[in-house]
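Working notes, beginning with the structure itself.
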C-alpha cells in the first residue's frame with residue numbers, strides 16, 4: 001500500500017499491518033483490557049494473620065474456668081482480625097499478545113482508511129515553543145490529535161503539553177486507548193517504520 005505523507009512524498013506501508021479488516025469486537029476487548037489494567041483495588045482489611053500481636057497463648061488451656069484460647073487476635077477478640085477480610089481486587093484481564101497486536105493492526109488500518117493517519121518527516125519544532133507546535137497543527141488541520149514519535153523528544157513534549165486535546169507518545173508507549181481517543185494521529189516516518197517492524 002502506498003500513501004502520501006503531509007509533504008506529498010509517497011510512503012509504502014505494509015499491507016499486513018495497515019490493510020487489515022476492521023475488527024470492532026477485538027478492538028473493544030483490547031481497549032477494555034488496557035483500561036482495566038490501570039485500575040487498582042484499594043479495599044483491604046486485616047485478617048488474623050495480618051494484625052500485630054497474638055503470638056503467645058493468652059492463658060493456659062485448662063483450669064481457669066474460661067474458654068480455651070490460642071491467640072488474642074482471633075476475629076471474636078477486640079483488636080482481632082476480620083473473619084472474611086477484604087483484599088485488593090485485581091481488575092486485570094487476560095489478553096494474548098497475538099490478540100493485542102491484531103487489535104493494534106486493526107486500529108491502524110482503520111486510521112489509514114479514514115484518512116486520520118498523517119505521516120510527517122518530523123514535527124518541525126526545533127525549540128520548545130507552544131506557538132510553533134500550534135502552527136504546525138493548524139497547518140495539518142488537527143485539533144484533537146495524538147503525536148507519535150520514534151523516541152521521546154523533549155521539544156515536542158514541552159511544545160504540546162499546554163495544547164488542549166493534544167497527547168504525545170513514543171512507539172514503545174503506544175496503546176489502543178490513545179489511538180481511538182483522538183480524531184487525528186500524526187506519526188513520524190521513523191516511528192511508522194518502527195510500528196511496522198513491531199506489528200508485522
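When a footprinting reagent is the concern and you count Cβ atoms within 10 Å, what order do 32, 51 take, fewest first?
32, 51
Over the chain, what relative contact order in percent results from Cα pairs under 8 Å that are six or more residues apart? Mind showing how you got there, number by number?
Values: 317 pairs, mean separation 47.7, N = 200.
It rounds to 24 percent for the chain.
Between residue 193 and residue 67, what length in nm is gained on full extension when 0.36 nm per residue of separation is reduced by their alpha carbon distance?
That works out to 38.0 nm of additional length.
Which FRET efficiency value, to the nearest 0.05, is calculated for residue 60 and residue 37 with the Förster distance at 45 angstrom and r the Cβ-Cβ distance?
Between residue 60 and residue 37 the formula returns 0.30.
Going by a ≥ b ≥ c, the root eigenvalues of the Cα gyration tensor, does region 1-107 fall in the rounded group (a/c under 1.5), the prolate group (a/b larger than b/c) or the oblate group?
Details: a/c = 6.41, a/b = 5.31, b/c = 1.21.
It is prolate, given that a/c is not under 1.5 and a/b is the larger ratio.
Which order results if 123, 108, 84 are arranged by neighbouring Cβ count within 10 Å, fewest first?
Details: 123 20, 108 24, 84 8.
With the sparsest Cβ surroundings first, the list reads 84, 123, 108.
Could you list the square roots of 5 times each eigenvalue of the Cα gyration tensor of the chain, that is, the equivalent ellipsoid semi-axes, sorted largest first and rounded to whole Å? Show your work: numbers first, answer last.
Details: eigenvalues 634, 83, 31 Å².
Its equivalent ellipsoid spans semi-axes of 56, 20, 12 Å.
With the Cα gyration tensor of region 83-141 giving a ≥ b ≥ c as the square roots of its eigenvalues, does the rule (a/c under 1.5 for rounded; else a/b larger than b/c for prolate; else oblate) give rounded, prolate or oblate?
The shape class here is oblate.
Please compute the length gained on full extension between residue 129 and residue 161, using 0.36 nm multiplied by the number of residues separating them and subtracting their Cα-Cα distance.
Details: separation 32, 0.36 × 32 = 11.52 nm, distance 1.03 nm.
That works out to 10.5 nm of additional length.
Looking at region 41-90, what % of the alpha carbon pairs are farther apart than 14 Å?
Taking all Cα-Cα pairs of region 41-90, the fraction more than 14 Å apart is 56 percent.
Give, in nm to one decimal, the length gained when the segment between residue 16 and residue 121 is fully stretched (0.36 nm per residue of separation minus the Cα-Cα distance).
35.5 nm
Angle between the Cα long axis of helix 189-199 and the longest principal axis of the chain, 0 to 90 degrees, nearest 10?
Here the helix axis deviates by roughly 50 degrees.
So if R0 is 41 Å, what FRET efficiency would residue 46 and residue 93 give, r being the distance between their Cβ atoms, rounded to the nearest 0.05?
Efficiency, from the Cβ-Cβ distance: 0.90.
May I ask what percent, to the nearest 5, of DSSP beta bridges between residues of the chain are antiparallel?
So the antiparallel bridges in the chain amount to around 20 percent.
All of the numbers you see were taken from the coordinates with simple rules; none came from a lab. For clarity, every value in this text was computed on a predicted model and none was experimentally measured. All Cβ positions, even for glycine, are placed from backbone atoms using ideal geometry, and neighbour counts span all protein chains on display.
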